[in-house]
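Below: the structure, in C-alpha cells.
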Amino acid sequence: MAHVFFRRNYVHVRELNLSEINYLESDPEHRPRASLNYTPVLDDDFLELLTTAFNNHPSASSMMAELNCTRIRFVGGLPRGFACFQALRREGKHADRYIYGHHESTRNKFGTDKTFKSLKQFVPHVFWIIVDQPLADNRPRGCLCKLCAEQNYRL
Ligand SMILES: [Zn+2]
C-alpha cells in the first residue's frame, strides 16, 4: 500500500484494508497449540478492536501524520497470515487476546508461542506493514514492535 500516495490526499477517516497488502512477511503456520483452548476472534471483531487500538495508541499522532488523516478505520480483512485468538480469564468477562503470525515467530530460536500479547502490542507492527517497511529519509526503517525489536537485538 504505497502510503506515499496519502501525502496529497488528506482524509478525516482513512479506511485501510490490510488484506490487500501482498508484500508482507508472515507465518500462517504459527497458531496456538490445541491445549491452550483459545477461541478464534472473528475478522470483523478483530478489525474493530484493531481500529480502536490503533487510534488510541500512544504513537497515534505520528502515525496519523504519516498516513495523512485524523483517524483510520480497518475494513475488509486481516493482514495475510495473521490470526487473532482469545482466552477468557477465569473470573469471566475479560478476554486476553493474542495475535499469531509474526514472520520470525518460529525461526531463529523464537519459541513457537512468540505472539503479540495484545492489540496494542500489535499496532506498531501493523503500522510498519502499512508503510511498506522501506525507507524513511532514505534510511531503512525498522519495525518498532516488541517482537521485531527483540529479534534485532538477538542478531
Ligand atoms: Zn514488527
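The values are calculated or read from the model by the stated rules, or taken from the named source; none is laboratory data. Nothing here was measured: the structure is a model prediction, and the numbers come from that model. Because the Cβ atoms are built from the backbone with ideal geometry, glycine has one as well, and the counts that use them run over all protein chains shown.
From the list 110, 74, which one is aromatic (Phe, Trp, Tyr) and at pLDDT below 95?
Numbers: 74 fails: at pLDDT below 95.
After applying the criteria, what remains is 110.
Report yes if residue 12 is surrounded by 14 or more Cβ atoms within 10 Å (Cβ to Cβ) and either at pLDDT 95 or above or part of a strand (DSSP E or B) (or both), otherwise no.
The answer is no for residue 12.
Just a yes or no: is a residue in the stretch 74-83 surrounded by fewer than 19 Cβ atoms within 10 Å (Cβ to Cβ), over 11 Å from the mean Cα position of the chain (by Cα) and of a type in the set (Lys, Arg)?
Checking the stretch 74-83: not a single residue is surrounded by fewer than 19 Cβ atoms within 10 Å (Cβ to Cβ), over 11 Å from the mean Cα position of the chain (by Cα) and of a type in the set (Lys, Arg).
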